[in-house]
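Worksheet for the structure shown next.
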Amino acid sequence: MTLPPAGAEPPFSVMIIGAGLGGLTMAILLQEAGIDYQVYERSSEVRALGSATNLGPNVLPLFEQLGLLDELYTISKPSSKVNVYRESMRRIGIIDYEKYAKQCGYVSRSMARPDLHALLLSRVPKEKVHLGKKVLSIEQDSDKVSIHCADGSTHTGDILIGSDGAYSKVRHSLYEDMKSRGILPKADDEKLTAWHMSVLGITGPMDPQKYPVLLEPGTRYESVIGKDKPNTWRYFTIPGNRICWRIDHHLAYKNGKSAANLPEWGTQSRIKTDIPESWHNFPIPIGGTMGDLIKNTPEDTISKVVLEEKLYETWHHGRVVLIGDSCHKMLPNSGRGAVNAMLDAVILTNALFSITGREKPSSEKIAGAFEEYYQERYPHAVAELERSRRMARVVAGQSWFDTVARKVFFCLMPERFQTDSYSAMLTYRPQLSASILPQVPERGTHPAQPQRVSKTCS
């Protein structure tokens with residue numbers, strides 16, 4: 001592969017729609033690969049909402065490769081266990097991840113989602129991020145792709161990456177065009193499945209004398225399953241004596257009914273005051289109630305969101321490609337949504353880097369790079385969706401089936417089976433191509449899966 005000489009015009013340009021965790025990761029990786037890009041964000045300010053997120057061994061080697069691991073450690077705590085309780089405060093079981101650290105060489109880290117977002121944003125030049133760019137539609141031909149925005153502007157590039165979330169406008173516009181041509185798979189025209197509505201937030205600094213767990217070096221992650229009520233609640237301790245919390249209300253409607261009219265991660269007025277009083281009384285294992293956490297949470301950090309899931313079949317068409325929640329929306333258990341968006345970004349970057357040369361890549365080469373990305377990531381997304389769903393049943397499920405699944409997981413499933421299943425997932429630790437950045441060495445006893453050599457590389 002021959003790269004353009006220094007100072008030469010970039011061979012192709014990429015437009016990234018959405019400045020969330022996936023979009024910013026994509027921007028950082030393209031920058032490292034020397035690929036020209038611009039980020040377009042619908043909001044008038046770049047600000048992440050949400051509560052806690054968790055980054056595991058799948059992506060920590062990438063952060064080390066990028067030189068971000070030390071900074072990540074300063075905003076996070078090691079996370080090695082999940083304690084699951086009944087409302088009576090009887091502990092049902094423990095999910096222990098600590099034993100996997102030796103195998104993969106990394107311990108998972110828990111942090112506030114806004115803190116992670118701020119870290120990634122700090123690595124993207126300000127002039128690359130364009131705010132107030134709400135995409136209304138996209139348009140493409142054999143030579144270029146354009147976005148039309150609500151402010152009347154139009155922006156054009158060679159490749160468009162939709163990283164704009166579960167209610168992706170890029171995906172919607174792309175699918176509408178494909179549907180009109182009769183080439184959209186029927187499954188992709190179906191709505192997301194809504195599982196539960198959640199209210200979540202991040203407290204301000206709490207008193208460590210009242211909550212000694214705040215002084216523990218690791219994250220305390222605990223989930224409580226309500227008795228005779230459609231609620232589950234959980235919390236994570238994070239640096240700064242803060243606690244990330246979430247209350248789930250399990251919806252009676254599923255199977256295709258959606259709440260797409262609600263924002264995915266959006267603060268709405270009156271959420272704090274509208275939280276049912278009964279929710280304030282939910283007990284928590286560290287002492288006190290959820291109301292104590294809610295009371296100490298700034299209103300602008302509280303969000304209301306309907307949590308849905310769906311795996312789309314179509315991830316790319318023409319010059320448009322999707323990553324993250326835009327193509328695979330997962331239930332937010334242990335940060336798998338964020339992790340998988342980042343994994344999408346690294347595989348897509350490697351595929352795009354392989355078609356970089358002195359000349360603009362042809363439509364056929366672009367399609368080949370997109371398909372290579374899809375062929376690697378889709379099987380992993382299928383497995384992750386099932387894993388996320390299974391974990392949701394264990395730590396939060398309310399149905400009789402969930403109760404049985406929980407008993408099987410904690411009491412009947414052989415530990416070796418659990419270990420083998422989780423270890424197999426952790427061996428998937430892709431990094432940027434060594435042609436872009438030196439790769440970090442293996443850290444654990446279980447080597448990472450070999451990375452694919454690009455078929456489109458010339």
Cβ-Cβ below 9 Å, separation at least six or inter-chain, first residue in region 20-48 and without any contact (Cβ under 8 Å) to a residue 60 or more places away in the chain, second outside any loop (DSSP other than H, G, I, E, B): which pairs? ASP36/SER13; ASP36/VAL14; ASP36/LEU30; ASP36/GLY157
Of everything in region 267-281 that's of a type in the set (S, T, N, Q) and more than 29 Å from the chain's Cα centre (by Cα), which residue is modelled with the lowest pLDDT? SER278
Number of positions in region 8-49 that are of a type in the set (D, E, K, R) and buried (at least 21 other Cβ atoms within 10 Å of the Cβ): 1
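Kindly evaluate ILE294 against the criterion of being hydrophobic (A, V, I, L, M, F, W, C), assigned to a loop (DSSP other than H, G, I, E, B) and modelled with pLDDT of 95 or more.
Here the answer is no, as ILE294 does not meet what is asked.
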Considering only region 441-450, state which residues are closer than 22 Å to TYR373 by Cβ and surrounded by fewer than 18 Cβ atoms within 10 Å (Cβ to Cβ). GLN449, PRO450
Right, SER146: more than 15 Å from TRP315 (Cβ to Cβ), modelled with pLDDT under 95 and polar (S, T, N, Q) or not? no
For LYS304, all conditions in the list (1) of a type in the set (Lys, Arg); (2) more than 30 Å from GLU372 (Cβ to Cβ); (3) touching a Ser or Thr at 6+ places or on another chain (Cβ under 7 Å) hold save one; what is the number of the exception? (3)
Would you be able to say whether some residue in region 338-358 is without any contact (Cβ under 8 Å) to a residue 40 or more places away in the chain and either of a type in the set (Ser, Thr, Tyr) or farther than 21 Å from GLU190 by Cα (or both)? no
Per the list (1) within 21 Å of TRP245 (Cβ to Cβ); (2) part of a strand (DSSP E or B), residue check on GLU309 breaks on (1)
Residues located in region 312-361, provided they are under 30 Å from ALA194 (Cβ atoms) and part of a loop (DSSP other than H, G, I, E, B): TYR312, GLU313, THR314, TRP315, ILE323, CYS327, MET330, LEU331, PRO332, ASN333, SER334, GLY335
Just one listed residue, out of GLY204, GLY157, is touching a residue at least 12 places away in the same chain (Cβ under 8 Å), over 30 Å from THR403 (Cβ atoms), among the small types (Gly, Ala, Ser) and in contact with a Ser or Thr (Cβ under 6 Å, 6 or more places away or on another chain), and it is GLY157
Do we find a residue being under 13 Å from the mean Cα position of the chain (by Cα), within 30 Å of ARG86 (Cα to Cα), surrounded by 19 or more Cβ atoms within 10 Å (Cβ to Cβ) and not acidic (Asp, Glu) anywhere in region 284-302? no
Which one of these does LYS329 not meet: (1) buried (at least 23 other Cβ atoms within 10 Å of the Cβ); (2) of a type outside the set (A, V, I, L, M); (3) at pLDDT 95 or above? (3)
Hits in region 145-179 (condition: in a loop (DSSP other than H, G, I, E, B), under 20 Å from ALA369 (Cβ atoms) and over 25 Å from the mean Cα position of the chain (by Cα)): ASP158
A careful count of residues in region 203-252 that are assigned to a strand (DSSP E or B), more than 23 Å from the chain's Cα centre (by Cα) and among the polar types (S, T, N, Q) gives 1
Residues of region 164-209 being closer than 25 Å to GLU299 by Cα, surrounded by fewer than 12 Cβ atoms within 10 Å (Cβ to Cβ) and of a type outside the set (Asp, Glu), in sequence order, are PRO205, GLN209
How many residues are charged (D, E, K, R) and closer than 15 Å to ARG113 by Cβ if we restrict to region 327-363? 1
If you go through region 68-83 one residue at a time, do you hit one that is without any contact (Cβ under 8 Å) to a residue 24 or more places away in the chain and more than 18 Å from PRO441 (Cα to Cα)? no
Given the structure, is VAL394 at pLDDT below 95 and not in a loop (DSSP other than H, G, I, E, B)? yes
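The values are calculated or read from the model by the stated rules, or taken from the named source; none is laboratory data. Every value quoted in this text rests on a predicted model; they were computed, and no experiment measured them. Here Cβ is always computed from backbone atoms with ideal geometry, including for glycine, and neighbour counts include all displayed protein chains.
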